[in-house]
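Undergrad: Just dropping this structure here.
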Amino acid sequence: MGPRYVREVGWDGKLVNESYPWIERRIVHWPKIGPWQDALRKGLLQAGVSPFNGYTFDHLYGTKVGGTIFDESGYRSTAADLLQASNPRKLRVLLHATVQKILFNTQGQKPKAIGVQFKDELGNQHEVYLNQKTAASEIIVTSGAIGSPQLLILSGIGPKEDLERLGIKPILQNQHVGKQMSDNPMNSIFVPTKKPVKQSLIETVGITKAGSFIEASSGFGQSSDSIHCHHGIMSAEIGQLSTIPPKQRSLELARSFAQTKRAIPVEAFRGGFILEKVEGPLSKGQLTILNTDIETTPNVTFNYFSHPQDLRRCVFGIRTIEQILHTKSFADLSNIHNYSNDEVLRMSVQANVNFIPKHTNDTKNVEQFCRDTVITIWHYHGGCHVGKVVDRDYRVFGVDGLRVIDGSTLLKSPGTNPQATVMMMGRYMGVKILRERLGRAAGM
């Protein structure tokens, strides 16, 4: 994420630069680059995605090697690891509590959040309340791009038509809750290799000025059995239903695909993939609540490539990948030189695992290839935008004592991966709130 993004969202640049390292020191590591990621690094530079910016967390045009949350032994760090920096005497974590809704006092000039209703692992309902003796007490929602707008609506804050349709008592009507949802579309090119390649996942990144990010992954499966059971980030069972309209989504469809994907050749996952991801994006969708049960996943439509600029960025990215494939670095790893660009695109369509009908005979149309092979990389954001649902301090408009601090507030996805920024937001706002409440006594 660059300085321009920080200025656009109105963050304090100094505090941002203090908050990122706090996260990085605890969960981020420098990867040991393997053959596939090294080939991409060299190929990007040979294809003109330059300069090489080395190992860096900064968002810079050109090619770089970013950090990883996997350590040398393969252990994956998560946001939960940040709890090690907390004071356990001042923190209680309920692992199996599912918040049903936020509770409000509506007797004053404005509704005030005063507590939450939650369900424990046995299904028992509980209500907990803020300490009303402390005026600064507040509830902070961090349920993500899908969970936060869902929770607001089920608590009575949302579009009038949604609240009426679900029979929810309105606390505050806000037509923007659950709207302007986005997900960065990703497309992949399959690259057959001379022999199985070591597993790797997005360490080298090419950041183009055209708005496309070029990344790579390899070695999803190491045996014929694992190939048929798990396709890693390409797995249809873990998110690719979002690429088709809600009315076409069903558990039966996912189960059916789990069987038919066995026909995908084992060789398809002994090679590697070069990935193209669209920056932004500009295409927008919306979230629709189906019922008043918080455990029912809402319908979310992202409308991939509905904005023509996103489609142009995808085409640019795919054409850049075609240049990379014909560099010497990939000639050493694969037999890609035996295939034309059309044949490579056709193989990539056949190896794709989304649910969209394919046009395997139309690979000369790169725009159609982008539409046919789009998959999610789960960088969902929006639904509680700053300026629409929350202010720049993430306080929910029209009510007191309630903030939303997570990816649902982002107008666009920051950098090549929003994970670090979302965690940084937690540290950033935690420090900012403590400084507002305690001043110098905050000690930070």
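Since every read-out is calculated from the coordinates, none of them should be taken as a lab result. A quick note: this is a predicted structure, and the numbers were derived from the prediction, not measured. Here the Cβ is made from the backbone with ideal geometry for all residues, glycine too, and neighbour counts use every protein chain on show.
Undergrad: With the Cα gyration tensor of the chain in hand, give its eigenvalues times 5 under a square root as the equivalent ellipsoid semi-axes, listed largest first in whole angstrom.
TA: 40, 26, 20
Undergrad: Classify segment 26-65 from the C-alpha gyration tensor, please: rounded if a/c falls under 1.5, else prolate or oblate depending on whether a/b exceeds b/c.
TA: Note, shape of segment 26-65 comes out oblate.
Undergrad: If you stretched the chain out fully between residue 340 and residue 8, how much longer would it get, using 0.36 nm times the residue separation minus the C-alpha to C-alpha distance?
TA: 115.2 nm
Undergrad: OK, next. Which peptide among 86-98, 203-215, 318-330 comes first, and what is the full order, when sorted by highest mean count of other Cβ atoms within 10 Å?
TA: Taking the mean over residues of other Cβ atoms within 10 Å, the ranking is 203-215, 318-330, 86-98.
Undergrad: How big is segment 1-139 by the Kirkwood estimate over distinct Cα pairs, in Å?
TA: Kirkwood hydrodynamic radius for segment 1-139: 19.9 Å.
Undergrad: At a Förster distance of 22 Å, what's the computed FRET efficiency of residue 299 paired with residue 365, Cβ-Cβ distance as r, to 0.05?
TA: 0.15
Undergrad: Express the relative contact order of the chain as a whole percentage, based on alpha carbon pairs under 8 Å and six or more residues apart in sequence.
TA: Once normalised by length, the contact order is 21 percent.
Undergrad: What relative contact order, as a whole-number percentage, does segment 386-444 give when Cα pairs under 8 Å and 6 or more residues apart are counted?
TA: Reported relative contact order: 22 percent.
Undergrad: On to the next question. Treating the beta-carbon of each Lys and Arg as +1 and of each Asp and Glu as -1, no other charges, what is the dipole magnitude of the chain about its Cα centre, to the nearest 20 debye?
TA: 800
Undergrad: Just going by the charge dipole of the chain, with Lys and Arg at +1 and Asp and Glu at -1 on Cβ, which of 390, 109, 23 is farthest out on the positive end?
TA: Farthest towards the positive pole: 109.
Undergrad: Separation between the residue 94 and residue 199 pseudo-spin-labels, each 7 Å from Cα along Cα→Cβ, expressed in nm?
TA: Each label point is offset 7 Å from its Cα along the Cβ direction, giving 3.6 nm.
Undergrad: Further question: Can you compute the label reach from residue 55? Point 7 Å from Cα along the Cβ direction, backbone N cut-off under 13 Å, restricted to segment 22-44.
TA: Those under the cut-off are 28-34.
Undergrad: Still on this structure, I have one more. Let me know the shape class of segment 68-133, please: from the alpha-carbon gyration tensor, a ≥ b ≥ c as square roots of the eigenvalues, rounded when a/c is under 1.5, otherwise prolate if a/b is greater than b/c, or oblate.
TA: Prolate, since a/c reaches 1.5 and a/b exceeds b/c.
Undergrad: If you don't mind, there's one more thing I want to ask. With each pseudo-label sitting 7 Å past Cα toward Cβ, what's the residue 24-residue 166 distance in nm, one decimal?
TA: The modelled label-to-label distance comes out at 4.0 nm.
Undergrad: Once you've got the Cα coordinates, tell me which of 64/209; 14/388; 119/388 are over 19 Å apart.
TA: Table pairs above 19 Å Cα-Cα are 14/388; 119/388.
Undergrad: Taking only DSSP H segments of four or more residues, each worth -39500 (n - 2.57), what value at 222 nm results for the chain once the sum is divided by all its residues, to the nearest 500 deg cm²/dmol?
TA: So the calculated ellipticity at 222 nm is -8500 deg cm²/dmol.
Undergrad: Continuing with this model, one more query. Under the 0.36 nm per residue contour assumption, what length would be gained going from the current alpha-carbon distance of residue 134 and residue 395 to full extension?
TA: 92.2 nm
Undergrad: Return the FRET efficiency for the residue pair residue 127, residue 86: r is the Cβ-Cβ distance, R0 is 22 Å, and the value is rounded to the nearest 0.05.
TA: 0.30
Undergrad: For residue 46 and residue 252 in one chain, what is 0.36 nm times their gap in residues minus the Cα-Cα distance, to one decimal in nm?
TA: Stretched out fully, the residue 46 to residue 252 stretch lengthens by 69.6 nm.
Undergrad: Another question, then. Using alpha-carbon pairs under 8 Å, 6+ residues apart, how would you state the relative contact order of segment 1-130 in percent?
TA: With pairs under 8 Å counted, the relative contact order is 15 percent.
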